[in-house]
Amino acid sequence: MKRVLATIVLAASSMSAFAANNLDSLQTLGQTDFRLLSEDLGSALSYKALAPAEPLGITGFDIGIEMTGTSLEHSKLFDKACSGCGLSTLPLAKLHAHKGLPLNFDVGAFYSTVPNSDIRLMGAELRYAFIEGGVALPAVALRGTYTRLSGIDQLDFNTRSLELTTSKGFAMFTPYAGIGKVWSTSTPNLPAPFTNNLSEERFAQNKIFIGGNLNFGLTNLALEGDKTGKATSYGIKLGFRW
């Protein structure tokens with residue numbers, strides 16, 4: 001818990017340093033460095049639900065404000081591509097919402113923006129709880145997700161993932177965990193005369209995550225740790241769930 005909160009505080013304090021900068025110096029990277037940077041971005045920008053596997057039900061909602069921080073494995077490359085951002089942890093603030101549907105399906109989406117920057121990130125998910133869970137059984141769900149980065153002239157970036165997650169509620173506390181695979185596509189759009197310096201990278205990364213959901217009536221708090229590829233992320237979401 002302390003490590004989660006420390007990482008989130010560090011990410012939040014780094015937000016102002018990152019806000020005025022974009023990834024606007026990709027032409028300074030070679031192809032190998034671009035691949036390593038893209039792997040860090042795949043870890044940071046891929047979908048993180050911060051929610052248990054159990055379905056919300058047709059009248060259910062989960063709405064919250066989320067903060068994630070990803071410890072960059074190649075922070076020097078990020079600093080080089082970001083014109084001296086000086087970050088070791090990449091922060092993202094998000095508005096996140098989930099809605100329950102019939103037949104144990106849920107949909108979710110988030111929107112993220114960095115203040116004083118053109119950087120935008122959007123994502124969506126579809127989740128199916130093929131085991132609904134109950135008093136004796138845990139819930140088990142399959143989730144498909146998509147995220148897309150926008151606002152950066154030099155980079156087009158998106159991720160897709162497939163995840164298997166399970167959770168079991170105990171009164172107001174619901175721990176959960178899961179595994180998955182994340183596929184990323186990182187496409188450079190360099191200005192002349194650097195147009196042909198870098199090529200597109202497509203790659204897959206393994207994903208594991210564990211978290212806990214605390215529900216106090218309508219008020220809801222979720223904490224999650226995620227390791228996608230080699231980079232680790234921690235997240236916290238505060239909002240309303242019913």
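Every number in this text was worked out from the coordinates using simple rules, so none of it is lab data. Just so it is clear, the structure is predicted and the values come from calculations on it, not from any experiment. Note that each Cβ is placed from the backbone with ideal geometry, even for glycine, and that neighbours are counted across all protein chains shown.
Quick notes
- Surrounding net charge for Ser112, when Lys and Arg each add one and Asp and Glu each subtract one, Cβ distance under 12 Å: +3
- Relative contact order (percent, whole number), the range 2-241, Cα cutoff 8 Å, 6+ residue spacing: 23 percent
- In degrees, nearest ten, helix 2-19 long axis to first principal axis of the chain (Cα): 40 degrees
- For the chain, the mean residue ellipticity at 222 nm estimated from helices alone is -5500 deg cm²/dmol, where every DSSP H run of n ≥ 4 contributes -39500 (n - 2.57) and the total is divided by all residues, rounded to the nearest 500.
- Listed from fewest to most Cβ neighbours within 10 Å, the set Thr166, Thr28, Thr70, Thr59 follows the order Thr59, Thr28, Thr166, Thr70.
- Across the options Leu162, Val135, Thr68, the greatest Cα extent toward the positive end of the charge dipole of the chain (unit charges at beta carbon of Lys, Arg, Asp, Glu) belongs to Val135.
- Rounded to the nearest 20, the Cβ-based charge dipole of the range 101-242 about its Cα centre (Lys and Arg +1, Asp and Glu -1) stands at 320 debye.
- Proximal charge balance of Asn220 [Cβ under 14 Å; K/R count +1, D/E count -1]: -2
- Nearby lysines by direct alpha-carbon distance to Lys230 (threshold 26 angstrom, same-chain neighbours under 8 apart not counted): Lys2, Lys48, Lys76, Lys80, Lys94, Lys181, Lys207
- Ordering Ala51, Ala109, Pro188 by the projection of their Cα atoms onto the charge dipole of the chain, which places +1 on the Cβ of Lys and Arg and -1 on the Cβ of Asp and Glu, puts Ala51 at the extreme positive end.
- Percentage relative contact order, the range 90-170, counting C-alpha pairs under 8 Å, at least six apart: 22 percent
- Charge dipole of the chain (Cα centre as origin; +1 on each Lys and Arg Cβ, -1 on each Asp and Glu Cβ, all else neutral): 460 debye, rounded to the nearest 20.
- Counted by Cβ distance under 9 Å from Glu66, the other residues give a net charge of +3, where Lys and Arg count +1 and Asp and Glu count -1.
- The Cα center of the range 194-235 and the Cα center of the range 71-145 differ in position by 6 Å.
- Whole-number percent relative contact order across the range 152-213, with pairs defined as alpha carbons under 8 Å at least 6 apart: 37 percent
- Angle between the chain longest axis and helix 31-45 axis [Cα atoms, degrees, rounded to 10]: 30 degrees
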